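Below you'll find the structure, written out as structure tokens, and then a few comments.
Values quoted throughout were computed directly from the atomic coordinates according to the rules given, and no laboratory measurement underlies them. The structure displayed is predicted, hence computed values, not measured ones. When we count neighbours, we look across all protein chains shown, and the Cβ atoms used for this are built from the backbone with ideal geometry, even at glycine.
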Amino acid sequence: MKTRSRGKLPSPEAIRRCLAEEDPAALAPLFAEADALRMRHVGDAVWLRGLVELSNHCRRRCAYCGIAVGASRVPRYRLDRDGFLDCARRAHGLGYGTLVVQAGEDPGLDVEGLAEWIRSVKTNWGLAITLSLGERDLDELALWRAAGADRYFLRMETADAALYDHLHPDGSSWADRLALLVEARRMGYEIGSGIMVGLPGQDLDDLHHAVELFAELQLDMIGVGPYIPHPDSSLQRRIEDFPPASEPARATELQTLTVLALARMARPTANLPSTTALARVAPGTGRSGALGAGANVIMPNLTPAPYRRAYDIYPGKGSTEATDIETHRQLLASLAALGRFPGQGRGDSLSFLRNQATLEAQKEAQA
Ligand code: 5AD
């Protein structure tokens, strides 16, 4: 019989009460518990991952996204080898142990080229590499894995398959996405997923189901951010196609933190970023709130300034003009103020490392 993993999740009724709660004071115990779990299982280190947005070309029509086909007024770009490797060099220079490589689902991506760039990053700086390049062919994933990529991140976006299909009118189903993650894990990737909170048409059941799935899929990384309306997206143009649910999810700081805290309970050893989308909706408090409700990762953006604004997934995303060094200094100061510090090294998922160790031991025992 398949055992359903629930991590250290509260009962379904308690989860439901938390998701329906709108009083921050009533949620404080949940956040404190997630914070304590985070401290016990992954410690006080905050992993800094350098983010490079490789290309904003995309073949998909995701209704919410500002860089979907036909949605964007921004110029399209694709970094070249030098641009990419320069991001990796700067990540290493700032002491980051991981490079997170993100892009739209770019049909023009040089698949072999990227494999070679990955090998260069490994040889020159030894960084861990997380890929977040959408739904790609399995042979591409295998090629990049063989080149040294360590992790694959692909959000399920919502746990409701029907809402997913409604939001993604161009083909691949929700089940296809989950199947891809499972395949990536089979190839030896650490895997990550997540959702947006407060999508039009999303309800509290959806959030509840998502949290249970985080546990069942045994995710190594979980990203949770609020939905931010993009005026050029098809979702905003046909918002009447997404009538509010009877118990609608809310794209608020509080609801996002609630889902994040529950995600920590679902996967006590996972790596959970404090997302840029949350910092964008709650500029003063989002980041520290997330670090106090289960998060242990921050991904400073290293994309060269001219391209950053063109990676226009949601409004205001690439608006900062601060340099890497300025951002880094501010980050160190804000972490210190919270009694936290940057992690040293790659910051691999502990459950992934444990599974690897078990597999190695089994192999040795069989030899
Ligand atoms: N608001 C918030 N997050 C968004 N994403 C895409 N569009 C938006 C939006 N309008 C998130 C999705 C996607 C990731 C790259 O960015 O979850 O997987």
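Two-decimal Rg/Rh of segment 42-104 from alpha-carbon positions, Kirkwood Rh? Write down the numbers at each step before the final one.
Working: Rg = 14.8 Å, Rh = 13.5 Å.
Result: Rg/Rh = 1.10.
Could you please report the charge total around A245, scoring K, R as +1 and D, E as -1 over all other residues with beta-carbon less than 12 angstrom from its beta-carbon? Spell out each step's value before the answer.
On the way: positive: R250; negative: D160, D203, D205, D206, E247.
Combined, the nearby Lys, Arg, Asp and Glu give -4.
With no other cysteine's Cβ closer than 4.7 Å, which Cys residues of the chain count as lacking a disulfide-compatible partner?
C18, C58, C87
Please report, in whole Å, how far the alpha carbons of segment 237-288 spread along each principal axis, starting with the longest.
Principal-axis extents of segment 237-288 (Cα, largest first): 39, 26, 16 Å.
Mind computing the radius of gyration and Dmax over the alpha-carbon atoms of segment 304-367? Å is fine for both.
Gyration radius and largest Cα-Cα distance of segment 304-367: 20.0, 56 Å.
Kirkwood Rh and Cα-based Rg: tell me the resulting Rg over Rh for segment 189-265, rounded to two decimals. Spell out each step's value before the answer.
Numbers: Rg = 13.3 Å, Rh = 13.2 Å.
That ratio is 1.01, to two decimals.
Can you bin every Cα-Cα distance in segment 1-80 into 5 Å intervals starting at zero and give me the percent of pairs per bin, rounded to whole numbers?
Once binned at 5 Å, the Cα pair distances of segment 1-80 give 3, 10, 11, 11, 9, 10, 13, 18, 12, 2, 0.
Report the dimensions of segment 134-267 along its three principal axes from the alpha-carbon atoms, largest first, rounded to Å.
Over segment 134-267, Cα extents along the principal axes are 45, 34, 22 Å.
Give, in whole angstrom and from largest to smallest, the semi-axes √(5λ) of the equivalent ellipsoid of the chain, with λ running over the eigenvalues of the Cα gyration tensor. Walk me through the numbers on the way to the answer.
Values: eigenvalues 151, 128, 99 Å².
After scaling each eigenvalue by five and taking roots: 27, 25, 22 Å.
Wrap a convex hull around the Cα atoms of segment 229-367, take a quarter of its surface area, and give that in square nanometres.
Values: hull surface 51.7 nm².
For the Cα atoms of segment 229-367, the hull's average projected area reads 12.9 nm².
Just to be sure I understand: if I project the alpha-carbon convex hull of segment 68-131 onto a plane and average over all orientations, what area do I get in nm²?
Details: hull surface 19.3 nm².
So the mean shadow area of the Cα hull is 4.8 nm².
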